[in-house]
Structures are given as structure tokens and as C-alpha cells.
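Beneath this line is the structure, given in C-alpha cells, with notes to follow.
The values are calculated or read from the model by the stated rules, or taken from the named source; none is laboratory data. Bear in mind the structure is a predicted one, so any value in this text is a computation, not a measurement. For neighbour counting, all protein chains shown are included, and Cβ atoms are generated from backbone atoms with ideal geometry for every residue, glycine included. Remember, those area values only see protein heavy atoms, side chains included, never the ligands or the DNA or RNA. Shrake-Rupley method; radii C 1.70, N 1.55, O 1.52, S 1.80 Å.
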Amino acid sequence: MKTFSEFGLAIPHILLPAKADISTWSVIACDQYTQDRSYWERVSATVGMNPSTLNLILPEVYLEADDKAERISAIKRTMKGYLSGNVFADEVQECLYVERHTAYGRVRHGLVCAIDLDSYEWKPFSHALIRATEATILDRIPPRKEIRQGAPLESPHIMLLVNDPDHLFVESVGTMVKKNTPVYDGELMLGSGHVTGWAIQDDAALSAMHNALSVLKAANTDETGAPFLFAVGDGNHSLATAKAVWNEYRAQELANGKSENVISRSPARYALVEVVNLYDSGLTFEPIHRVLFCANPSALIGFVQQRLGGTVATFETSSALAAAVEKSKSSFGFVFKEPNGSMRYDCLESAVQDLAVSRLQPELDSFLDLNAGSSIDYIHGSDEVFRLGAMDNTVAILLPPVSKDSFFAAISTLGPLPRKSFSMGEASEKRFYLECRRLFS
């Protein structure tokens, strides 16, 4: 079987449920609906007493719950129970090609494999094969470590992006294996769409994977000549946690006298992920907009204009403003209510050439530092921008679309993007847990 270590990848030993219904087995990523306990209560009601990945994760809505420690203990007991209780079919060494039909009529194509955590780095300006796309907040790692340390199983919600405009990797391999019978196929719960997976095991498909990655590695190099093969699209903090757990485990085992050669074969060195083409037809990049509370609109717009340059124009309607921002990669729309109660729609056409959010967020942070009474939040959807902008003492900021063409180049040059820079699709389109892999015995 081919090896993929030169690409920071490995072919994992996959565990799939033997009989469980996907509609109850598979649940959405734990970092979704973090302000909506009712969603997770509906998930629990849907699952009932059935085997489910819900019982293998801690939804982040419960991270601050008083019973968090008990929940984590129950998760690890359930993992052991599932492994010994015939919940899983026999594990198989394979990658998986996945097609996800979402509730929005889109089809996303992915390839599930394992990545070598030694090939990944979240720190800014890394030249690793696999790099973070957004800033990593260190205090978000410890609670995740509690769950992963010593866990018998892992299931992925991490999604990596590959810069593949010619569709050489995921889609081409998918075309080869779709002639086979799927290893799973079913509806996802709560109207979240449909998912189908095919095994990638035969030599022809693995060779095609290898050949495509060789081309992509050569084509994707940063300004130093170092290859930049994968960028983390979703789950950066989960991947940073996996690396922290692996580094601690390796250090502990070395201290216990084990050789590096033995330790390096540990499953803890790897993490399950799904690789998706940046140019996948079903992958949408949605900007995450900003809203500032208790902020003076004129002062804010003037501050940003002074820092980023450009000119300000005023539009008569919200639709005209939205069209102007949509058309430009460097415009920011400011929506706010004037003292007389009328709405104002200003557009700053800046001189920014990089991804717009990478330049705007640092200036907003500086503005907030200088205006202690102001605060910021992050919002999805232009409708929310115009709704919140109509509130008193509020300025909502409409951001332009995220350009895929400059995405990898911006990260390579500028380092990870600011927090909340973009969203890959809507909440219900996020990855669902389904496949599992043994982690710590």
C-alpha cells in the first residue's frame, strides 16, 4: 500500500458503525450552535437510546456546565463500551471519498484521511505543510485537551482545504471510486442533508491520490519555497488541541524511556480530517460581518479610513450598499441610524489589496482599545447586518465576499487570518461526525 508521509498524510484504520442508522449515529460538529441549547436538546431527543456520536463528543454549549467533568468521564466510558460492544464493524485501513448534499442544494466533495500532526503548525508565519487559516486562541485549547487526552476514539469534524483549481485530487479520485458500492449512505438529522461515503483502497485510486498530491505540492509553495499543501478550513482549535496532546504524550513517553521510533508509530501522532478542494463547487465562503455597539459612526468610519485609505460614498438604500460591497473585494459597508432616526448606508472603498478582513480587524481592535465603552460581535448574513444596524448606538459593518483566488497567498504572506474571518457555508452544512478511529488504547 502506498505511503503518503511526504504529504503529511496517512491512510487511517477506519471504524464505521455496524448497524446504526446514520440519521441517529451522525451529529454535527461540537462547535456549532454554541448559543442554542435547544438545538442540542433536539439532537438528544432524535438520538434517544440509539448508538450515536453524540455520546462520543462534548457539544461546546456545555463547556461551562457544572457537570462538565461527569460528561467527559461518560464520553470515555461510552467510547470503551462502543469498542467492546459490537457497535462498530471491523476496522479497515482506507481513506474515504465523501459527498455531502446540504439542505441548500449544494454538494460538497471530500476525502477522509489522517494527517501527521508533525506536519501541522498553527503558529503564525509557519512554513509547515499544513497551516492554520485563523488565529488560534490559546485558552480554547485546555478544555478540549481534557476530552482528547486518553480518549479511546476520535471522530473528525476538522476540514482541510487544498488549493486545487484543476480538481486533480478529491474530485478526480472520487470519480474513480464512485463505481463501487458505498460503505455508508443516509440522511442526516434535523434536515441537514444527505451523506454518502466510498472506500479508497485499490492501488489505482491510491496511485491517483499520490500523483495528484505530487503535482499540488510542487505547485503550492510559499515565498520561501516551502510547500503549503493544506490550510485548515474548519476545526483549527481541535487540530491545535490534537497537536498539543501529541506533543505532551511524546514528551511523557520519552521521559518514560521509550524510543522515538516506537513512539512515532502511536495513533496519537495523527488526526482524522476531511480534505476539501478550495474550488469545490459546493463549498461557499461566507464573510462573517461585524457589529460595534456604543460606537460613534463618524469616528469609526474616519478611523478606519485614515488607517486603510480610500474614499467614502453614501447610498440611498440597503440594497445599493450591498451591491457595492458585493462587487468589490476591498469595500466595507457601514450601516447605522442617524440622530434624526433615518438610516445611513456608507461605503468605504479602501486601498486594501489583501483579503479585506485581514486588514480591517486589526484596525477595529485598535479602535476598541481607544474607545473603552464600545464592544464588538460577529454576525452571519447581510440581513442581520441591516437589522442590527437599525438599533440605537450601533454600527454594523458589511464585509465583502472572501476571494478564493487570493486565499492561500494571503495566509502565506500575512499569516493566519484574524478570528472570525470567514465561514465555510451555513451552520447546518458543517461536518457531521461519522467515521471513527482508535486513538489511545
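Over the range 1-82, give the accessible area per residue in Å² for a 1.4 Å probe, as an integer. Walk me through the numbers before you get to the answer.
Details: 4020 Å² over 82 residues.
I get 49 Å² per residue for the range 1-82.
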(message) Test of the criteria: in the range 220-286, which trypsin sites (Lys or Arg not before Pro) are in a DSSP loop and have at most 15 other Cβ atoms within 10 angstrom of their Cβ?
(response) 258, 265
(request) With a cut-off of 12 Å, note down the residues of the range 61-82 whose backbone N falls inside the zone around a label point 7 Å from the Cα of residue 18 toward its beta carbon. (result) 82
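How high is the FRET efficiency from residue 84 to residue 203, r the C-beta distance, R0 35 Å, rounded to 0.05? Provide the component values of the computation, followed by the final result.
Numbers: r = 34 Å, r/R0 = 0.97.
The value I calculate is 0.55.
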(message) Could you check the spin-label model distance between residue 3 and residue 369? Points 7 Å from the Cα along Cα→Cβ, value in nm.
(response) 4.7
(message) So, for the range 104-233, what is the accessible surface per residue at a probe of 1.4 Å, expressed in square angstrom?
(response) 39
(request) Per residue, how big is the convex hull around the C-alpha atoms of the chain? Give it to me in cubic angstrom, could you? (result) 160
(message) Just to confirm my numbers, what's the Cα centroid distance between the range 93-168 and the range 238-309 in Å?
(response) 9
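Classify the range 221-338: rounded, prolate or oblate, from the alpha-carbon gyration tensor (a ≥ b ≥ c, eigenvalue square roots; a/c under 1.5 rounded; otherwise prolate if a/b is larger than b/c)? It would help to have the intermediate numbers written out before the result.
Numbers: a/c = 3.21, a/b = 2.52, b/c = 1.27.
Prolate is the answer for the range 221-338, as a/c is 1.5 or above and a/b outweighs b/c.
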(message) Tell me the carbon and sulfur percent of the accessible area for the range 4-107, rounded to whole percent, probe radius 1.4 Å.
(response) 46
(request) Return the distance in nm (one decimal) between the two label points of a simple spin-label model at residue 72 and residue 123, each offset 7 Å from Cα along Cα→Cβ. (result) 2.5
(request) Can you tell me the dipole magnitude for the range 225-349 around its Cα centre, using point charges on the Cβ only (Lys, Arg +1; Asp, Glu -1), in Debye to the nearest 20? (result) 340
(message) If R₀ is 25 angstrom, what is the calculated FRET efficiency for the pair residue 441 and residue 248, using the beta carbon separation as r and rounding to 0.05?
(response) 0.90
(request) Ignoring everything but the protein chains, give the 1.4 Å probe accessible area of residue 224 in square angstrom, nearest 10. (result) 80
(request) Based solely on C-alpha atoms, express the radius of gyration and the Dmax of the range 235-277 in angstrom. (result) 12.3, 42
(message) Nothing charged except the Cβ atoms of Lys and Arg (+1) and of Asp and Glu (-1): what's the magnitude of the dipole of the chain about its Cα centre? Round to the nearest 20 debye.
(response) 660
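Can you classify the range 133-220 as rounded, prolate or oblate using the Cα gyration tensor, where a ≥ b ≥ c are the square roots of its eigenvalues, rounded means a/c under 1.5, and otherwise it's prolate if a/b beats b/c and oblate if not? If you can, show how the numbers build up before the last one.
Numbers: a/c = 2.02, a/b = 1.33, b/c = 1.52.
Oblate, because a/c is 1.5 or more while a/b does not exceed b/c.
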(request) State the percentage of accessible surface on the range 265-395 attributable to carbon and sulfur atoms; use a 1.4 Å probe and exclude ligands, DNA and RNA. (result) 48
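Rounded to two decimals, what ratio of Rg to Rh does the range 105-263 give with C-alpha atoms and a Kirkwood Rh? Please list the in-between numbers first.
Numbers: Rg = 17.9 Å, Rh = 18.0 Å.
That ratio equals 0.99.
Residues of the range 282-327: accessible area per residue at 1.4 Å, in Å²? Write down the numbers at each step before the final one.
Values: 2190 Å² over 46 residues.
Value returned for the range 282-327: 48 Å² of accessible area per residue.
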(request) State the percent of C-alpha pairs, over all pairs in the range 180-220, separated by a distance greater than 15 angstrom. (result) 61
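First measure r as the distance between the Cβ atoms of residue 262 and residue 92, then evaluate 1/(1 + (r/R0)^6) with R0 = 25 Å and state the FRET efficiency to the nearest 0.05.
Numbers: r = 25 Å, r/R0 = 0.98.
FRET efficiency, residue 262 to residue 92: 0.50.
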(message) Could you identify which residue out of 69, 271, 410 has the top mean-square fluctuation in a GNM of the chain using Cα springs shorter than 10 Å?
(response) 69
(request) Calculate the spin-label point distance for residue 353 paired with residue 294, positioning each point 7 Å from the Cα along the beta-carbon direction, and give it in nanometres. (result) 4.0
(message) In the chain, if the dipole is taken from +1 on Lys/Arg beta carbons and -1 on Asp/Glu beta carbons about the Cα centre, which of 314, 391, 428 is farthest to the positive end?
(response) 428
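Would you please classify the overall shape of the range 41-196 from the alpha carbon gyration tensor, given that a ≥ b ≥ c denote the square roots of the eigenvalues, rounded means a/c under 1.5, and beyond that prolate means a/b larger than b/c while oblate covers the rest? Before the final figure, lay out each step's value.
Values: a/c = 1.67, a/b = 1.16, b/c = 1.44.
It is oblate, given that a/c is not under 1.5 and a/b is not larger than b/c.
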(message) With N set to the number of residues, divide the alpha-carbon radius of gyration of the range 349-430 by 2.2 N^0.38 Å and report two decimals.
(response) 1.20
(message) Taking 0.36 nm per residue of sequence separation and subtracting the Cα-Cα distance, how much length would be gained by fully extending the chain between residue 38 and residue 185, in nm to one decimal?
(response) 50.2 nm
(request) Please build a GNM for the chain, connecting alpha carbons under 10 Å apart, and tell me which residue among 363, 260, 121 fluctuates the most. (result) 260
(request) Be a star and scan the range 407-432 for residues whose amide nitrogen sits under 14 Å from the point 7 Å along the Cα-to-Cβ vector of residue 103. (result) 426-432
